[in-house]
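Inspection log for the structure reproduced underneath, given as structure tokens.
The values are calculated or read from the model by the stated rules, or taken from the named source; none is laboratory data. Just so it is clear, the structure is predicted and the values come from calculations on it, not from any experiment. Heads up, the Cβs are rebuilt from the backbone with ideal geometry, glycines too, and the neighbour counts pull from every protein chain shown.
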Ligand code: OGA
Ligand code: MN
């Protein structure tokens, strides 16, 4: 007998993160799916344990949430994988750990800085769905920060900046910038030519809840029209504020876990693990957004 879906909040102080049980993501009926989608809107991070996920199940479930993004890495597709699944991990073609300085490992390390997926695309991602396929013996957790709680509680920072004065600011985002800053020059010229970057609102109103958040993260390079140092300082300050421990849910992965998050109001980052010792493989599908943030009302 199927149990009804249960949604238990993960944090008591803020409405952020919930654990969803009694559900099989691969075979939800329409009513259950509608409930699940409502929970995603409300809690922004959903942890769903005990799922049996292969790529086709993951893609079928993800497509119910909307059209999917395709990966920006050329070699991923060259290996015959679906372009709609992003492979994160350090396993090479023979099942061994990739070398610590391999392009793939270095590229994935960029995920260790707080970010919002695809904010460097004109229409950035809505949901990301991450399925744990091979877990390391230690480390390799994922952290999620509530940028809405960051916005709600902002008190002005070092320079006493009123958030109302920031509502019209536009930020330039680029993954070439963020990888250059965090991991070094990782893209080939052909990839670079497909990654022009994007313009995003600094303060974004979440379409599902009507509430604002600071839409920042590692891809945010500068605020348009601001002096460079001042812009970098404020962006760092906003990120640091949003990721204070009281706004963070830290996930320790268990086999069978699927975690979904809403990139329109969540920043996340992967945590390190002994990469030379343990394999970690995660498969991500990414639901495309509906609009460029600059075209959304704020
Ligand atoms: C991602 C990501 C972090 C992790 O899948 O978008 O940033 O813990 N993952 O693998
Ligand atoms: Mn990510």
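In table form, for the structure just shown:
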| read-out | value |
| --- | --- |
| Selection from segment 39-52 of residues that are more than 19 Å from the chain's Cα centre (by Cα) and under 27 Å from residue 15 (Cβ atoms) | 50, 51 |
| Enumeration of residues in segment 43-75 that are touching a residue at least 12 places away in the same chain (Cβ under 8 Å), closer than 17 Å to residue 287 by Cβ and part of a helix (DSSP H, G or I) | 43, 55, 57, 58, 59, 60, 61, 62 |
| Checklist (1) more than 11 Å from ligand 1 (Cβ to nearest atom); (2) crowded, with 18+ Cβ neighbours inside 10 Å; (3) in contact (Cβ under 8 Å) with a residue 60 or more places away in the chain applied to residue 82, failing item | (3) |
| Test: residue in segment 147-158 that is within 16 Å of ligand 2 (Cβ to nearest atom) and touching a residue at least 40 places away in the same chain (Cβ under 8 Å) | yes |
| Single residue of segment 126-141 satisfying the filter (crowded, with 21+ Cβ neighbours inside 10 Å and within 14 Å of the chain's Cα centre (by Cα)) that is nearest to ligand 2 (Cβ to nearest atom) | 128 |
| Residues of segment 192-209 classified as surrounded by 15 or more Cβ atoms within 10 Å (Cβ to Cβ) and without any contact (Cβ under 8 Å) to a residue 40 or more places away in the chain, total | 1 |
| Some residue of segment 181-191 being touching a helix residue (DSSP H, G or I) at 6+ places or on another chain (Cβ under 9 Å), surrounded by 18 or more Cβ atoms within 10 Å (Cβ to Cβ) and assigned to a helix (DSSP H, G or I) | no |
| Selection count, segment 23-59, where residues are over 14 Å from residue 256 (Cβ atoms) and loosely packed, with under 13 Cβ neighbours inside 10 Å | 7 |
| Answer from 224, 237, 255, 296 - the residue that is in contact (Cβ under 8 Å) with a residue 40 or more places away in the chain and touching a helix residue (DSSP H, G or I) at 6+ places or on another chain (Cβ under 9 Å) | 224 |
| Residue within segment 101-109 that is part of a strand (DSSP E or B) and either away from ligand 1 (no atom under 14 Å from the Cβ) or at pLDDT below 95 (or both) present | no |
| Pairs with Cβ under 8 Å, 6+ apart, first in segment 258-271 and farther than 15 Å from residue 65 by Cα and near ligand 2 (Cβ under 9 Å from one of its atoms), second assigned to a loop (DSSP other than H, G, I, E, B) and modelled with pLDDT under 95 | none |
| Any hit, segment 13-26, residues being within 23 Å of residue 120 (Cα to Cα) and in contact with a strand residue (DSSP E or B) (Cβ under 7 Å, 6 or more places away or on another chain) | no |
| Test: residue 150 is at positive phi, at pLDDT 95 or above and either surrounded by fewer than 18 Cβ atoms within 10 Å (Cβ to Cβ) or in contact with a helix residue (DSSP H, G or I) (Cβ under 8 Å, 6 or more places away or on another chain) (or both) | no |
| Strands (runs of 3 or more DSSP E) enclosed by segment 233-288 - at least 2 residues per element that are within 12 Å of ligand 1 (Cβ to nearest atom) and crowded, with 20+ Cβ neighbours inside 10 Å | 258-262, 266-270, 281-288 |
